[in-house]
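J.: One structure coming up, written as structure tokens, with questions to follow.
The values are calculated or read from the model by the stated rules, or taken from the named source; none is laboratory data. Predicted model, so just to flag it, every value in this text is computed and none were measured. Every residue, glycine among them, receives a Cβ derived from its backbone with ideal geometry; neighbour counts consider all protein chains shown.
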Amino acid sequence: MGPLDGIRVIDMTSVLMGPFATQFLGDMGADVVKIEAPDGDVTRQIAPFRSAGMGAVYMNANRNKRSVCLDLKNPAGHGVLLRLLKDADILVYNVRPRAMARLGLAYEAVSAANPRLIYAGLYGFGQDGPYAAKPAYDDLIQGGSGLSSLFARAGDGVPRYAPSAISDRIVGLTALGAICASLVHRQRTGLGQRVDVPMFETMVNFVLGDHLGGLSYEPPLDRGGYARQLSRDRRPYQTSDGYVCALVYNDKQWRSFLGAIGRAELMDDPRFATFAARAENIDHVYGELARIFLERSTADWLDLLEAADIPSMPMHDLDSLLEDPHLTATGFFQRIEHPSEGAMRVMRPTMRWSQTPAEVRRLAPRQGEHGREVLLEAGFTESEVRAMAEAGALILPDTSGA
């Protein structure tokens with residue numbers, strides 16, 4: 001049933017940051033009701049997809065949810081949302097707070113009707129600074145948090161974005177923790193509260209945890225930056241026939257590694273002799289390792305590293321990752337039949353509980369798929385549901401071709 005069984009979440013999020021967070025709440029057993037505008041979540045349109053509105057990015061961030069499509073500019077649609085919020089435990093949104101206020105959904109108004117509600121906002125910037133009204137997307141926050149400049153320092157001098165929506169996902173996970181902590185507070189006090197999770201501040205904290213370095217001190221001791229992470233040779237090591245990922249880190253691992261390759265004398269080199277010396281000469285150390293790894297095949301290295309108890313992994317691409325023996329053994333990838341999309345590969349929830357196991361109870365919904373179901377549960381009559389659909393306040397899926 002999941003540890004959050006019985007918790008009702010009204011999910012007013014779209015794109016990725018918010019849906020990623022609320023999907024975890026659904027995985028944990030919460031009843032997540034995704035409120036979509038008439039145009040639907042934009043990620044529905046990101047290819048590839050078999051059916052319009054069911055893109056792969058959307059599908060992988062919206063399992064364990066029910067979809068209700070409302071026109072909140074229509075008074076009847078707005079009234080439906082307020083009625084759903086009255087009995088909800090959590091509201092999650094990821095538009096700017098001023099937009100929520102324009103919709104009549106500011107915290108003060110919503111909490112007055114439901115003091116137990118946890119009102120969680122995921123948005124670009126803290127509301128007490130000059131960036132408060134600015135829009136934010138993952139790319140902007142990667143650049144603004146300093147992450148893109150670190151790619152330049154670590155590479156060829158050209159700033160880049162990570163090839164993943166890393167800001168959206170990190171902030172989504174941060175929000176998940178904050179929301180669960182708020183549930184504990186409510187259990188103790190009976191009261192909900194507003195939870196604010198700004199992207200910019202969250203990602204600056206994330207990046208500088210590694211890289212504030214000497215800038216932590218007054219006066220600064222250096223320009224900041226964690227030298228090992230910024231070394232140009234910190235990358236998968238090229239072998240004679242591919243690549244391997246390995247980390248020879250502490251003194252024990254270095255002695256074991258150098259002994260296994262017949263280079264024990266390298267520990268007599270003062271640049272390799274201690275952890276501190278290796279950190280100070282990290283570019284030289286990584287450069288020497290890069291030369292050493294060229295001498296053997298990937299398979300030979302993986303066997304040698306495992307025997308020497310050196311942390312290592314194959315460097316997967318997207319194809320080989322699907323065949324990873326560990327993921328296969330743990331059942332991480334599961335083949336399912338989606339009601340509208342047919343045969344699909346899905347990822348199992350990664351968290352495990354001994355008493356309240358998480359599971360995929362619902363696959364990503366079609367837009368508005370559960371509108372009638374959710375409204376009837378909330379006490380609306382069938383005739384009221386039909387009238388709202390006819391007025392355009394509630395958008396139901398087209399079933400004429402079903």
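J.: Can you pull out every residue in segment 84-101 that is part of a loop (DSSP other than H, G, I, E, B), under 11 Å from Val9 (Cα atoms) and aliphatic (A, V, I, L, M)? Break it down stepwise before answering.
T.: Of the residues in segment 84-101, the ones part of a loop (DSSP other than H, G, I, E, B) are 87-89, 94-96.
Restricting the remaining residues to those that are under 11 Å from Val9 (Cα atoms) gives 87-89.
Hit for segment 84-101 is Ala88, nothing else.
J.: Considering only residues of segment 358-386 that are in contact (Cβ under 8 Å) with a residue 40 or more places away in the chain and part of a helix (DSSP H, G or I), which is surrounded by the fewest Cβ atoms within 10 Å (Cβ to Cβ)?
T.: Glu373
Quick grid of which residues meet (1) over 17 Å from the mean Cα position of the chain (by Cα); (2) part of a loop (DSSP other than H, G, I, E, B); (3) over 20 Å from Ala358 (Cα atoms):
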{"site": "Ile10", "(1), (2), (3)": "yes, no, no"}
{"site": "Val15", "(1), (2), (3)": "no, yes, yes"}
{"site": "Phe20", "(1), (2), (3)": "no, no, no"}
{"site": "Lys34", "(1), (2), (3)": "yes, no, no"}
{"site": "Pro48", "(1), (2), (3)": "yes, yes, yes"}
{"site": "Cys69", "(1), (2), (3)": "yes, no, yes"}
{"site": "Leu82", "(1), (2), (3)": "yes, no, yes"}
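J.: Counting only residues that are at negative phi and part of a loop (DSSP other than H, G, I, E, B), which one in segment 22-32 is surrounded by the fewest Cβ atoms within 10 Å (Cβ to Cβ)?
T.: Taking segment 22-32 first, the residues at negative phi are 22-28, 30-32.
Add one more test, that the residue is part of a loop (DSSP other than H, G, I, E, B), and what stays is 28, 30.
Working: Met28: 22, Ala30: 25.
This residue is Met28.
J.: How many residues does segment 156-212 hold that are within 21 Å of Leu91 (Cβ to Cβ), surrounded by fewer than 17 Cβ atoms within 10 Å (Cβ to Cβ) and among the hydroxyl-bearing types (Ser, Thr, Tyr)?
T.: 1
J.: Sticking with this one: Which numbered condition in (1) surrounded by fewer than 21 Cβ atoms within 10 Å (Cβ to Cβ); (2) out of contact with any helix residue (DSSP H, G or I) (no Cβ under 6 Å at 6 or more places or on another chain) is the only one that Asp89 fails?
T.: In the conditions (1) surrounded by fewer than 21 Cβ atoms within 10 Å (Cβ to Cβ); (2) out of contact with any helix residue (DSSP H, G or I) (no Cβ under 6 Å at 6 or more places or on another chain), Asp89 misses (1) alone.
J.: Quick one: how many residues across segment 207-246 are within 23 Å of Pro311 (Cβ to Cβ) and among the hydrophobic types (A, V, I, L, M, F, W, C)? First the steps, then the outcome.
T.: Just the residues of segment 207-246 that are within 23 Å of Pro311 (Cβ to Cβ), to begin with: 209-211, 226-246.
Imposing the further condition that a residue be among the hydrophobic types (A, V, I, L, M, F, W, C) reduces the set to 227, 230, 244-246.
Selection size over segment 207-246: 5.
J.: Would you tally the residues in segment 102-153 being within 23 Å of the chain's Cα centre (by Cα) and outside any loop (DSSP other than H, G, I, E, B)?
T.: 18
J.: Related question: Can you tell me which residue among Arg153, Arg116 is at pLDDT 95 or above, charged (D, E, K, R) and farther than 20 Å from Thr22 by Cα? Steps first, please.
T.: Working: Arg116 fails: farther than 20 Å from Thr22 by Cα.
Answer to the selection: Arg153.
J.: Another question, then. Just give me the residues in segment 48-84 being in contact with a helix residue (DSSP H, G or I) (Cβ under 6 Å, 6 or more places away or on another chain) and under 21 Å from Gly121 (Cβ atoms), in sequence order.
T.: Ala61, Asn62, Lys65, Val68, Leu70, Leu72
J.: Which of the residues spanning segment 248-288 are assigned to a loop (DSSP other than H, G, I, E, B), under 24 Å from Glu306 (Cβ atoms) and free of Cβ contacts under 8 Å to residues at least 24 places away in the same chain? Full working, then the answer.
T.: Taking segment 248-288 first, the residues assigned to a loop (DSSP other than H, G, I, E, B) are 248-250, 261-263, 269-274, 281.
Still in the running and under 24 Å from Glu306 (Cβ atoms): 248-250, 261-263, 272.
If the condition is that a residue be assigned to a loop (DSSP other than H, G, I, E, B), under 24 Å from Glu306 (Cβ atoms) and free of Cβ contacts under 8 Å to residues at least 24 places away in the same chain, then Gly262, Phe272 are the ones that fit.
J.: Being of a type in the set (Asp, Glu) and either surrounded by fewer than 14 Cβ atoms within 10 Å (Cβ to Cβ) or at pLDDT below 95 (or both) is the filter; apply it to segment 289-321 and report the residue that is farthest from Ser256 (Cα to Cα). Reasoning before the result, please.
T.: Step one: filter segment 289-321 for residues of a type in the set (Asp, Glu), giving 295, 300, 303, 306, 309, 317, 319.
Among the residues that remain, those that are also either surrounded by fewer than 14 Cβ atoms within 10 Å (Cβ to Cβ) or at pLDDT below 95 (or both) are: 295, 303, 306, 309, 317, 319.
Details: Glu295: 18, Asp303: 14, Glu306: 11, Asp309: 8, Asp317: 29, Asp319: 33 Å.
The qualifying residue farthest from Ser256 (Cα to Cα) is Asp319.
J.: State which residue is modelled with the highest pLDDT when the search covers only segment 334-349 and only residues that are under 16 Å from Arg44 (Cβ atoms) and in contact with a Ser or Thr (Cβ under 9 Å, 6 or more places away or on another chain).
T.: Glu341
J.: Let me ask something additional. The conditions are (1) assigned to a strand (DSSP E or B); (2) among the charged types (D, E, K, R); (3) within 19 Å of the chain's Cα centre (by Cα); (4) surrounded by fewer than 24 Cβ atoms within 10 Å (Cβ to Cβ), and Arg63 fails exactly one of them. Which is it?
T.: With (1) assigned to a strand (DSSP E or B); (2) among the charged types (D, E, K, R); (3) within 19 Å of the chain's Cα centre (by Cα); (4) surrounded by fewer than 24 Cβ atoms within 10 Å (Cβ to Cβ) applied to Arg63, the lone miss is (1).
J.: May I ask you to list pairs of residues, at least six apart or on different chains, whose Cβ atoms are under 8 Å apart, with the first in segment 60-87 being outside the structural domain of Met28 (by TED's automatic domain parsing) and among the basic types (Lys, Arg) and the second being buried (at least 20 other Cβ atoms within 10 Å of the Cβ) and outside any strand (DSSP E or B)?
T.: Nothing qualifies.
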